[in-house]
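> Below: one structure in structure tokens.
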Amino acid sequence: MSGRIVILRRLLFSLLFLPLAPLAQAEPVHGIAMHGAPALAADAPSFPYVQPGVKKGGKVNYGVVGTFDAMNPFVLKGMRTTARGVWDPEFGNLLYESLMTRSADEPFTLYGLLAESVEWDADRTTVQFNLNPKAHWNDGQPVTPEDVIFTFELLRDKGRPPFNSRLASVAKMEKVGEHGIKFTFNEKANRETPLIFASATPILPKHAIDASTFDQAGLAIPVGSGPYKVKDLKPGEKVTWVRDPDYWGKDIPSKIGFDNYDEISVTYFLQEATMFEAFKKGDIDIYPEGDANHWQRAYDFPAVSKGDVIKESFKPGLPSGMLGFVFNTRRPMFADVKVREAISTAFDFEWLNKTLYNGAFTRTQSYWQNSTLGAYGNAADEKELALLGKAKDKLSPEILAGTYTQSATDGSGGDRKALSKAVKLFAEAGYKIQGGKMLDVSGKPLSFEVMTQNEGQEKMALAFQRTLKLIGIDMGIRTVDDAQYQARSNSFDYDMIIKSYTSSLSPGAEQVNRWGSESRDAQGSFNYAGVADPDIDRMIEALLQAREPEDFQAAVRAYDRLLVAGHYVVPLYHLGEQWVARWKHIGRPEAVPLYGYQRPTWFDARVQ
């Protein structure tokens, strides 16, 4: 049986056939699932996708593009310039840990980490986390309920979104016994809230943090509870982590098979091309690839032909997500959905895909494409229509039927039929072409700027610019350095930007920070498009409150339809695969989980 079939069967089992959660939770348990029950029993020795008997040792060298000047990713000043590894799902949370940790083999299920057990009521109006008595900070001090209370209060007062809003859903936070911490929620909470508290909030040491200076970021070495300590910092250049031999959690089931290197280094590069050259020379060990042309053409160096560098493709059971040109609807010229639709219609994806990528990509049609949660290919049923209510009236018949697709061209780079359709939509919005310029009703030319951050984005923008010029639209392109890009992204200082929105099998509270009205004006949020739509807010609330898988599916599909209909993004493409190259001395477990390859489970094969 192929790996793809195994993944799909596992996904269907996780979503549809897990037993329902108990009506009441009277005793502490080892795990909690968003829908259904955890797949692993309390006595499971480890996650199924690790190599449990792996020998720890050796080292790995990672590379990233950018810079760093902070060790605190939880405040605005350090949001995107914190040294990698501090709180890092890609490389592993090396310094700080959460109360519980997520299994990459289930849609959204958590198992014990700092908290060895959890208990809650049927409606999830309360949750109690029971800390592992063995948990301690790397300075030897125990992790306590006081640390948990301190963390939530500190992040409320000094943290960035979304950390600073967590306590808004809490009516009461209290210590229970020697190791327990109980949250009683108010009407702002939802069924996902306990899981967000458990897995998406770092726990910080009260005794080692000065609350008055917490929001100043800086490069002071923090105290953490995680498996690594900072060995060396070269600001903006490199951070080196060393495994803590006294790490408290090395033998608990959720950490077996993880944290396998004695040393992890992260080197920073100014450009992607420079980082790839470092990979070719062996200065970094792993290179995740996202460029189809590069994947096909750039790996012709001797180490590949000799077998010293291994290229691998992984097919996770995940939705497509959305990569695209994002309209900043805070800008007046993008406030009209007809204008956004017209610009999207003019985009010649087929020419871009053929010319730049040799036809390697698939056009993205929805935010949860390739999954049962997506609207594309699935007609709205009665449950969905009831959820949408009057909002269904602003959706086209094609979107409701699941047959809507992005405007296609003949790939010539100047498809008159597609451009004519775009011009017609512009006319409906009050625009006309005069003197070779697209003018609004007041005679003002339509012009805007795309902010890009690297050569790959710039190439895509140039292709878009070329097409829009044919109908009198002046699209500028500004490529900025990483620091400026992050600062302007945080403050929404752009007309259009290229962004990627990952989509999981358990979308939840993070959607508020991406598309919810309350995040529209919150600097540092991920609401890059500036969306504030009460119907979208309703669908987010519906998916958060859903108890049964079919209700959850209906809510996500309805939500997907509204996002597509809003034309907030000009969709680009998705891969359907994960590409990564590694030097052969980096080994990995044979099993690949639902969410794809997991670098924190890889290891140095030279010490095995």
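A short reminder: the numbers here are calculations on the coordinates, not readings from a lab. As the structure is a computational prediction, the values presented were derived from the model and not from experiment. Backbone-built Cβ (ideal geometry, glycine too); neighbour counts: all protein chains shown.
> Assuming 0.36 nm per residue, please report the length gained on full extension of the stretch S491 to A591 beyond their Cα-Cα distance.
On the way: separation 100, 0.36 × 100 = 36.00 nm, distance 4.15 nm.
Length difference between fully extended and current span is 31.9 nm.
> For A168 paired with E90, estimate the spin-label separation in nm (one decimal), with each label point 7 Å from Cα along the Cα-to-Cβ line.
Here the modelled spin labels are 2.8 nm apart.
> Would you mind putting 96-106, 49-59 in packing order, based on average other-beta-carbon counts within 10 Å, highest first?
In decreasing order of mean packing, 96-106, 49-59 become 96-106, 49-59.
> Let me ask something additional. Please list the radius of gyration and Dmax for region 511-608, considering alpha-carbon atoms only, with Å as the unit.
Reported Rg and Dmax, both Å: 19.3, 56.
> Let me ask something else. Cα-Cα over 26 Å: which of K56/K231; K390/K417; K392/K421; K182/K499?
Exceeds cut-off: K390/K417; K182/K499.
> I've got another one for you. What are the aspartates and glutamates whose alpha-carbon lies under 18 Å from the alpha-carbon of K437, with same-chain residues fewer than 8 places away excluded?
Reachable aspartates and glutamates: E428, E449, D474.
> May I ask you to work out the translational diffusion coefficient for the chain at 4 °C, viscosity 1.567 mPa s, via Stokes-Einstein with Rh from the Kirkwood sum over Cα pairs, reported in whole µm²/s?
On the way: Rh = 25.6 Å.
The diffusion coefficient I find is 51 µm²/s.
> Then there's this: Charges on Cβ only, +1 for Lys and Arg, -1 for Asp and Glu, centred on the Cα centroid of region 322-574; of V337, G516, L543, which one is farthest towards the dipole's positive end?
The Cα lying farthest towards the positive end belongs to V337.
> A further question follows. So what's the angle, to the nearest 10 degrees on a 0 to 90 scale, between helix 534-545 and the longest Cα principal axis of the chain?
30
> Would you mind checking the tilt of helix 145-158 against the longest principal axis of the Cα atoms of the chain, expressed as 0 to 90 degrees and rounded to 10?
Between the helix axis and the principal axis of the chain, the angle is about 30 degrees.
> Calculate how steeply helix 337-346 sits against the longest principal axis of the alpha-carbon atoms of the chain, using the helix alpha-carbon long axis, and give the answer as 0 to 90 degrees to the nearest 10.
80
> Could you give the radius of gyration (one decimal) and Dmax (whole number) of the Cα atoms in region 385-485, in Å?
Here Rg and the maximum Cα pair distance are 17.4, 48 Å.
> Which residues does the label zone of A483 cover in region 196-226, counting backbone N under 14 Å from a point 7 Å along Cα→Cβ?
What the label zone holds, given the 14 Å backbone N cut-off, is 218.
> Compute the projected area of the convex hull of the Cα atoms of region 322-574, averaged over all viewing directions, and report it in nm² to one decimal place.
Projected over every direction and averaged, the Cα hull of region 322-574 covers 13.2 nm².
> Let me ask something else. Please report the Cα spread of region 3-254 along all three principal axes, rounded to whole Å, starting with the longest.
If we take the Cα atoms of region 3-254, the spans are 51, 46, 31 Å.
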